[in-house]
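Undergrad: Could you have a look at this structure, given as structure tokens, before my questions?
The values are calculated or read from the model by the stated rules, or taken from the named source; none is laboratory data. Just so you know, these numbers come straight off a predicted model, no measurement behind them. Glycine gets a Cβ as well: all are built from the backbone with ideal geometry, and neighbour counts include every protein chain shown.
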Amino acid sequence: MLHCQERFYEIYHREAESMAFCPYRICPIGAHSDHNLGKITGLAIDKGIHLAYRPKQNGVVELSSLQFDKRAQWHVREVPKTKENDWADYLRGATMKLAERYPLQVGLSGVIEGTLPIGGLSSSAAVVLVFLKALCQVNAIQPTPLELIQCSVEAENQYVGVSSGKLDQSCEMYSRKNHLLYLDTKTDEYELIPTQPSMKPYKIAIFFSGVERTLAGSKFNMRVDECRSAAYALAAYAGMDYGKFHETNMRDIPREVYDRFRDRLPHTWQLRAEHWFTEFARVEQGAAAWRRGDIDEFGRLSFESGWSSIYNWETGSPELKTLYDIMTRTDGIYGGRFSGAGFKGCCMALIDPSFEESICQTVTHEYLKTFPQLEGKFSIHICESADGVM
Ligand code: GLA
């Protein structure tokens, strides 16, 4: 029995009727690109968020989380108009967005359990998707996967106020075990590239820095604005037609325009654009490498992606940068980078399973040498790829 089922029983004195699960995701190549409609690669992992729940016919949603203190409550048709600045805001927003598309009658009582520390694996998207799955089930509605992704992204963008793209939700929705998701966030077209039988074996290592984070309040939105500002300026320099600022994306700008006018951009905007264009190319090269079973090249590109996120996108806490540096010089790691936005949380790596033990030893030793105060908080989790919720 999972902890969330036990907790459900303690609170409600009866067993949960149903269980739902949504995996976490990693994005080895394609970071900081989706909000400006780039391409991404991703995999779901075999750890994620569980929800134990029962329908509530009166339309009330009542949720507890094993990771957060406050129990949250709202009605499916009367979601508070503004956020309450707690963990359940993502879910309030998601209820509102689903209710805009489908009539909702039934609520649910539930307990949420995350299986890994928070930060970098997109637990926020996973918690929304697992909740939406349950809410759809109790209301007997069947939105398409894309509608669920859209509800979740709109909840983050419009209700919580984070300018994220659809990378997280898409990975958690579409992924398939032993396949690489290769998605164009502009067209929503995607491909699941199978792992070649000839590809060297790999596992996914998650090195959790010991520092948890929230995306709202980080410099995340500012970086997105800088990238969009660069796109707007480039369009103007090139004499291109452009519309509203918020509807402009780097994806609208041809690479030649960037090459021609990049020197006119303020230095920081130039760096953001440099990340965006080089990451776009890396994703395409990475997808091709996975297709031919070349995990060494795929890993190298993931390391490069990490480098660009640190030096061009200028993110990465001291802890994550240290982990990244250690990873680049540890034998048996094909490649990796910090996972997610990079302000706190974790690094992910694709590793050769025969080096698992020595990798864990080296990374732990080196990391705790620099951050001895994080002993007991730093942790390593070895995972496999997994199916998404679809
Ligand atoms: C967060 C956001 C995503 C994406 C990544 C960075 O996870 O939610 O949309 O921008 O950061 O690649």
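Undergrad: Determine whether Lys177 is outside the structural domain of Lys47 (by TED's automatic domain parsing) and either surrounded by fewer than 22 Cβ atoms within 10 Å (Cβ to Cβ) or away from the ligand (no atom under 16 Å from the Cβ) (or both). Quick ask: steps written out before the conclusion?
TA: Values: outside the structural domain of Lys47 (by TED's automatic domain parsing): no; either surrounded by fewer than 22 Cβ atoms within 10 Å (Cβ to Cβ) or away from the ligand (no atom under 16 Å from the Cβ) (or both): yes.
No, not satisfied.
Undergrad: Listed residues Val211, Val257, Val224, Val283; which is in contact with a helix residue (DSSP H, G or I) (Cβ under 9 Å, 6 or more places away or on another chain) and free of Cβ contacts under 8 Å to residues at least 24 places away in the same chain?
TA: Val257
Undergrad: Another question about this same structure. Checking the condition within 11 Å of the ligand (Cβ to nearest atom), at pLDDT 95 or above and outside the structural domain of Thr248 (by TED's automatic domain parsing), which residue from Gly42, Gly48 passes?
TA: Matching residue, one of Gly42, Gly48: Gly42.
Undergrad: Residue by residue through segment 362-390, note down the ones that are part of a strand (DSSP E or B), among the small types (Gly, Ala, Ser) and in contact with a Phe, Trp or Tyr (Cβ under 8 Å, 6 or more places away or on another chain).
TA: Once the filter is applied, which keeps residues that are part of a strand (DSSP E or B), among the small types (Gly, Ala, Ser) and in contact with a Phe, Trp or Tyr (Cβ under 8 Å, 6 or more places away or on another chain), segment 362-390 yields only Ser379.
Undergrad: Which of the residues belonging to segment 324-352 are of a type outside the set (D, E, K, R) and part of a loop (DSSP other than H, G, I, E, B)?
TA: Of everything in segment 324-352, those that are of a type outside the set (D, E, K, R) and part of a loop (DSSP other than H, G, I, E, B) turn out to be Thr330, Gly332, Ser339, Gly340, Ala341, Gly342, Phe343, Gly345.
Undergrad: With respect to Val283, is the statement that it is crowded, with 19+ Cβ neighbours inside 10 Å and within 16 Å of the ligand (Cβ to nearest atom) true?
TA: The answer is yes for Val283.
Undergrad: Search segment 147-166 for residues being of a type in the set (Gly, Ala, Ser) and assigned to a helix (DSSP H, G or I), and hand back the single one that is nearest to the ligand (Cβ to nearest atom).
TA: Here the answer is Ser152.
Undergrad: While we're here: If you check Tyr90, Tyr24, which single one turns out to be within 22 Å of the chain's Cα centre (by Cα), within 16 Å of the ligand (Cβ to nearest atom) and in a strand (DSSP E or B)? Step through it out loud before you land on a result.
TA: On the way: Tyr90 fails: in a strand (DSSP E or B).
Residue meeting the stated conditions: Tyr24.
Undergrad: Now, a different point. Go through (1) farther than 30 Å from Met348 by Cα; (2) surrounded by 21 or more Cβ atoms within 10 Å (Cβ to Cβ) for Lys244 and report which single condition fails.
TA: (2)
Undergrad: Could I ask something else about it? So, Gly345, is that one of a type in the set (Gly, Ala, Ser), buried (at least 20 other Cβ atoms within 10 Å of the Cβ) and modelled with pLDDT of 95 or more or not?
TA: It is false that Gly345 is of a type in the set (Gly, Ala, Ser), buried (at least 20 other Cβ atoms within 10 Å of the Cβ) and modelled with pLDDT of 95 or more.
Undergrad: A follow-up question, please. Quick one: count up the residues across segment 297-316 that are among the hydroxyl-bearing types (Ser, Thr, Tyr) and touching a Ser or Thr at 6+ places or on another chain (Cβ under 7 Å).
TA: Residues meeting the conditions: 3.
Undergrad: Out of (1) farther than 17 Å from Tyr202 by Cα; (2) surrounded by fewer than 24 Cβ atoms within 10 Å (Cβ to Cβ); (3) in contact with a helix residue (DSSP H, G or I) (Cβ under 8 Å, 6 or more places away or on another chain), the odd one out for His365 is which?
TA: Going through (1) farther than 17 Å from Tyr202 by Cα; (2) surrounded by fewer than 24 Cβ atoms within 10 Å (Cβ to Cβ); (3) in contact with a helix residue (DSSP H, G or I) (Cβ under 8 Å, 6 or more places away or on another chain) one by one, His365 breaks only (3).
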